[in-house]
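The values are calculated or read from the model by the stated rules, or taken from the named source; none is laboratory data. Note that the structure is predicted; figures quoted are calculated from it, not measured. Positions of Cβ are backbone-derived with ideal geometry, glycine not excepted, and every protein chain shown enters the neighbour counts. Note: areas computed on protein heavy atoms with side chains; ligands, DNA, RNA excluded. Shrake-Rupley method; radii C 1.70, N 1.55, O 1.52, S 1.80 Å.
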Amino acid sequence: MPSKKALVRRPSPRLAEGLVTHIERERVDADLAVEQWQAYVTALRAHGWDTIEVDPADDCPDSVFVEDTVVMYRNVALIARSGAESRRAETAGVEEAVAGLGCSVNWIWEPGTLEGGDVLKIGDTVYVGRGGRTNAAGVQQLRAAFEPLGARVVAVPVSKVLHLKSAVTALPDGTVIGHIPKMDTPSLFARFLPVPEEAGAHVVLLGGHKLLMAASAPKTAELFSDLGYEPVVVDISEFEKLEGCVTCLSVRLRELYA
């Protein structure tokens, strides 16, 4: 049976100091962010996900974006090494959490950099964004970790957004979805569906035809409904001010060994 476990991490009190790279800085309401995070976690649990709260990293403003700290493939956890030095302390608690779940733990080593937000898995194909936070050495190390396990690793250029999954994710049938103005090379994806809103490019597959997505993409939610999917909408406005989206607030572990 597939596993349905998700790592999450409570927002740091210093969340408002989080990094921004491709957007203008806006004021972040830290209290509202905690409420939104709690609603996000509740949505996961309501759809059958066992959420595991990683120890807080209060001195790391971006630590709520827990997806960036690790990449999972089957039962193997590849601990990331951020391209932003200020984020590298975030991995310790995550490493402890995945080891506690029985994962085989590997690491990205210097000079490699890689963040989990740059990795999109569709079946055994692993797309990895080569851009601001993930470098060529990081891509090579990801290949070395996952290709012997049966993965096919495809590098994708990323220059218009923070991470690959800031531009694209995928529907349950494997169709890649993205907002074309934020993509470098849409032609890399054989099955591609453009969406009308930037935030509509981000979905978490909850199971069945249910898609967790941001409230800021109502036109895309309507499109998905027309295609037979069931959008589950959450407000993550405070995290969007820091280039966050629904994918980066959790690490979904779908293939843990029993």
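Go through Thr91, Thr125 for me and flag whichever is modelled with pLDDT of 95 or more, of a type in the set (Ser, Thr, Tyr) and out of contact with any Ser or Thr (no Cβ under 7 Å at 6 or more places or on another chain). Before you say what the answer is, go through the steps one by one.
Values: Thr91 fails: out of contact with any Ser or Thr (no Cβ under 7 Å at 6 or more places or on another chain).
The conditions single out Thr125.
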* So which residues in region 12-24 are surrounded by fewer than 16 Cβ atoms within 10 Å (Cβ to Cβ) and in contact (Cβ under 8 Å) with a residue 40 or more places away in the chain? -> Pro13, Arg14, Glu17, Val20, Thr21, His22, Ile23
* Among Lys165, Lys160, Lys241, Lys182, which is the only one that is among the charged types (D, E, K, R) and under 24 Å from Ala97 (Cβ atoms)? -> Lys165
* Asked: Looking at region 224-258, which of its residues are open to solvent by 10 Å² or more (accessible area, probe 1.4 Å) and polar (S, T, N, Q)?
  -> Ser225, Ser237
* To do: Give the residue, chosen from Leu142, Leu120, Leu101, Leu44, that is touching a residue at least 40 places away in the same chain (Cβ under 8 Å) and either in contact with a helix residue (DSSP H, G or I) (Cβ under 6 Å, 6 or more places away or on another chain) or more than 23 Å from Pro2 (Cβ to Cβ) (or both).
  => Leu120
* Asked: Out of (1) of a type outside the set (Ser, Thr, Tyr); (2) within 24 Å of Leu114 (Cα to Cα); (3) surrounded by fewer than 18 Cβ atoms within 10 Å (Cβ to Cβ), the odd one out for Pro2 is which?
  -> (2)
* Residue list for region 158-195, filter: exposed (fewer than 14 other Cβ atoms within 10 Å of the Cβ) and in contact with a Ser or Thr (Cβ under 6 Å, 6 or more places away or on another chain) -> Arg191
* Asked: Which pairs have Cβ atoms under 6 Å, sit 6 or more apart or on different chains, and link a residue in region 166-191 that is more than 21 Å from Leu242 (Cα to Cα) to one that is among the charged types (D, E, K, R) and surrounded by fewer than 22 Cβ atoms within 10 Å (Cβ to Cβ)?
  -> Thr175/Arg191
* Quickly run through region 103-122 and pick out the residues that are open to solvent by less than 50 Å² (accessible area, probe 1.4 Å) and closer than 21 Å to Pro148 by Cα. => Cys103, Val105, Ile108, Gly112, Thr113, Leu114, Glu115, Gly116, Asp118, Val119, Leu120, Ile122
* Asked: Do you know which of the residues in region 123-137 that are within 17 Å of the chain's Cα centre (by Cα) and open to solvent by less than 40 Å² (accessible area, probe 1.4 Å) is farthest from Leu78 (Cα to Cα)?
  -> Gly131
* Asked: In this structure, is Glu85 more than 23 Å from Arg130 (Cα to Cα) and either at pLDDT 95 or above or touching a strand residue (DSSP E or B) at 6+ places or on another chain (Cβ under 6 Å) (or both)?
  -> no
* Asked: If only one of Arg87, Arg9, Arg45 is open to solvent by less than 10 Å² (accessible area, probe 1.4 Å) and within 30 Å of Gly123 (Cβ to Cβ), which one is it?
  -> Arg9
